[in-house]
Amino acid sequence: MNSRRITFYHAPRTRSSSILTLLEELGADYTLRTLDLKAGDNRAPAFLAVNPLGKVPAIVHGDVVVTEQAAIVIYLADLYSEAKLAPAVDDPMRGPYLRWLALHGAAFEPAIVDRAMNRDPGPQAMSPYGSYDAVMDALTAQLRRGPYLFGKRFTAADVLWATALGWMTSAKLVPPNLELLRYVERFRTRSAVVRAEAIDERLHRELEGEIEHRTG
């Protein structure tokens, strides 16, 4: 596959904002397809053909369709390997890098959602994350290595985690301890993050304007 141009399905102020930021960090060649979730664009047949779950983010690269945040992060960072945001397969950091990408969706998000909804995680042997405190303690300990997840080395995993922690702390879904706050603040000073946030905010305003026009 010669072309590296990506078609990116995105809804502003959602989980897919992390992928928008990653595309900017990578200097990737991409076409943006904005979905209006309030209008039900994510349930339209055209998008369900891309992701039957009707969720963003999703990317299409040639004939390849990739969904799920961690999978997209791995795919893109490897595709644009010259940006050096992904440890190579023979790099000792590759295992920890993949571990923390998987941990985000497999343990961190379920723990946060259960806590936010006051749901019992169930018996520890059946829980995908064990306990909320164990997840948060592991994350805080990892961030103490600073300034990023793996010390001085910034990777695509930081894009996923810092983006999520940014909105989760602002929404008070995660208690904002010092390690988390410093990590997010440091991340948000990056030029690619500033660009992505500006794009996201512009898209949000455009969609809100369309809604006002339709209902006005």
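Run the Debye formula on the Cα coordinates of region 94-191, all scatterers equal and no solvent, and tell me log10 I(q)/I(0) at q = 0.13, 0.15, 0.18, 0.20 1/Å.
-0.43, -0.58, -0.83, -1.01
Indicate the helices, whole DSSP H runs only, in the chain that combine a mean Kyte-Doolittle hydropathy of -1.0 or more with a Cα extent along their long axis of 24 angstrom or more. Intermediate results must be reported in sequence, preceding the final value.
Working: long enough: 191-215 (36 Å, -0.82).
Membrane-span-like by this rule: 191-215.
Give me the distance in nm between label points sitting 7 Å out from Cα along the Cα-to-Cβ direction at Ser131 and Leu181, one decimal.
Reported label-point gap for Ser131 and Leu181 is 2.6 nm.
Report the local net charge at Leu79: Lys and Arg +1, Asp and Glu -1, summed over other residues whose C-beta lies under 11 Å from its C-beta. Don't skip to the answer; put the middle values down first.
Numbers: positive: Arg4, Arg5; negative: Asp29, Asp78, Glu82.
Local net charge: -1.
Using unit Cβ charges (K, R positive; D, E negative) and no other charged atoms, how large, in debye to the nearest 20, is the dipole of the chain about its Cα centre?
Its charge dipole is roughly 320 debye.
For region 94-191, what is the relative contact order in percent, using Cα pairs closer than 8 Å and at least 6 residues apart in sequence?
Values: 63 pairs, mean separation 23.7, N = 98.
Reported relative contact order: 24 percent.
Can you give the % of DSSP beta bridges in region 6-84 that are antiparallel, to the nearest 5? Walk me through the intermediate numbers first.
Numbers: 7 of 12 bridges.
Restricted to region 6-84, the bridges split so that about 60 percent are antiparallel.
Spelling out what I want: for every residue of region 80-91, take phi, set θ = phi - 60°, compute 6.51 cos²θ - 1.76 cosθ + 1.60 (Karplus), and round to whole Hz; glycine and proline get x.
9, 5, 5, 6, 6, 9, 10, x, 5, 4, 8, 7
Just the number, please: percent antiparallel of the DSSP beta bridges in the chain, rounded to the nearest 5.
Details: 9 of 14 bridges.
Given both bridge residues lie in the chain, the antiparallel proportion sits at roughly 65 percent.
Looking at region 119-171, which trypsin sites (Lys or Arg not before Pro) are DSSP coil and have at most 14 other C-beta atoms within 10 Å of their C-beta?
Values: sites: Arg119, Arg144, Arg145, Lys152, Arg153; in loops: Arg119, Arg144, Arg145, Lys152.
For trypsin sites (Lys or Arg not before Pro) across region 119-171 that sit outside H, G, I, E and B with at most 14 neighbouring Cβ atoms in 10 Å, the list reads Arg119, Arg144, Arg145, Lys152.
Cα gyration tensor of region 6-84, axes a ≥ b ≥ c as square roots of the eigenvalues: rounded (a/c below 1.5), prolate (a/b > b/c) or oblate? Numbers along the way, then the final one.
Numbers: a/c = 2.17, a/b = 1.68, b/c = 1.29.
Judged from the Cα gyration tensor, region 6-84 comes out prolate (a/c at least 1.5, a/b above b/c).
For region 1-43, just say rounded, prolate or oblate: build the C-alpha gyration tensor, square-root its eigenvalues into a ≥ b ≥ c, call rounded for a/c under 1.5, and beyond that prolate if a/b exceeds b/c, oblate if not.
Here region 1-43 falls in the oblate category.
Which whole-number percentage describes the relative contact order of the chain, with Cα contacts under 8 Å and a sequence gap of 6 or more? Working shown, then result.
On the way: 241 pairs, mean separation 48.5, N = 216.
Dividing the mean separation by the residue count of the chain yields 22 percent.
Between region 16-69 and region 96-131, what's the alpha-carbon centroid distance in Å?
The two parts, judged by their Cα centres, are 24 Å apart.
Is the shape of region 14-159 rounded, prolate or oblate, going by the alpha carbon gyration tensor and its root eigenvalues a ≥ b ≥ c, with a/c under 1.5 for rounded and a/b larger than b/c for prolate? Numbers along the way, then the final one.
Values: a/c = 2.12, a/b = 1.12, b/c = 1.89.
Judged from the Cα gyration tensor, region 14-159 comes out oblate (a/c at least 1.5, b/c at or above a/b).
Taken together, the values in this text are just the output of simple stated rules run on the coordinates, not laboratory data. Just so it is clear, the structure is predicted and the values come from calculations on it, not from any experiment. With ideal geometry, Cβ positions are generated from the backbone for all residues, glycine too; neighbour counts draw on all protein chains shown.
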